[in-house]
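For reference, the structure discussed in these notes is given below.
The values are calculated or read from the model by the stated rules, or taken from the named source; none is laboratory data. Values in this document were obtained by computation on a predicted structure and should not be read as measured data. Neighbour counts run over all protein chains shown; Cβ positions are idealised from the backbone, glycine included.
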Amino acid sequence: MTSLALLQDVGPKSGTPGIAAEGAAPAGGAAPPPGGGWIMFLPLLMLVPIFLMQGRRQKKEAAARSKLKKGDRVLTNSGLVGELVEMDERFAKVKIAPGITVQMVSSTVSFFNATATTETTRDSKAPEKDAKLATEKK
């Protein structure tokens, strides 16, 4: 019998402190502004283009990753540069040093363009070479 009493939907008494009486005005005194739902919906609308652009980027990265083949130089998200030994849908094996091959998640591997990095290092070393040549000529 007591279990049936616990399942009853009984509300508080009408004079209980902290409980608003039915039909009473809201505590703030004013009604909520009309159209308030649209204002709350605007941030969600602003997020839609971000998600769409992120999806395009992921598709491009996946397409570039599918073009990788054995022997390509690759760069991992952790900054390791190595040679691709084997790659399937989930995992990639990358040789980072002679005799050292690591296995990692294939989504963290991307093509490594060595010519772009060597050009930037050459440009950064050019002032040092010019200064060294100037001191040797004196």
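So the values come out like this:
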item: Residue pairs meeting the criteria (Cβ under 7 Å; at least 6 apart or on separate chains; first touching a residue at least 12 places away in the same chain (Cβ under 8 Å), in the stretch 80-103; second surrounded by fewer than 13 Cβ atoms within 10 Å (Cβ to Cβ) and not in a strand (DSSP E or B)); result: Glu83/Gly71; Leu84/Lys70; Leu84/Gly71; Val85/Lys70; Glu86/Lys70
item: Search result, residues across the stretch 27-70 that are modelled with pLDDT of 75 or more, in a loop (DSSP other than H, G, I, E, B) and surrounded by fewer than 10 Cβ atoms within 10 Å (Cβ to Cβ); result: Lys67, Lys69
item: The stretch 71-105, subset polar (S, T, N, Q) and in a loop (DSSP other than H, G, I, E, B), residue surrounded by the fewest Cβ atoms within 10 Å (Cβ to Cβ); result: Ser78
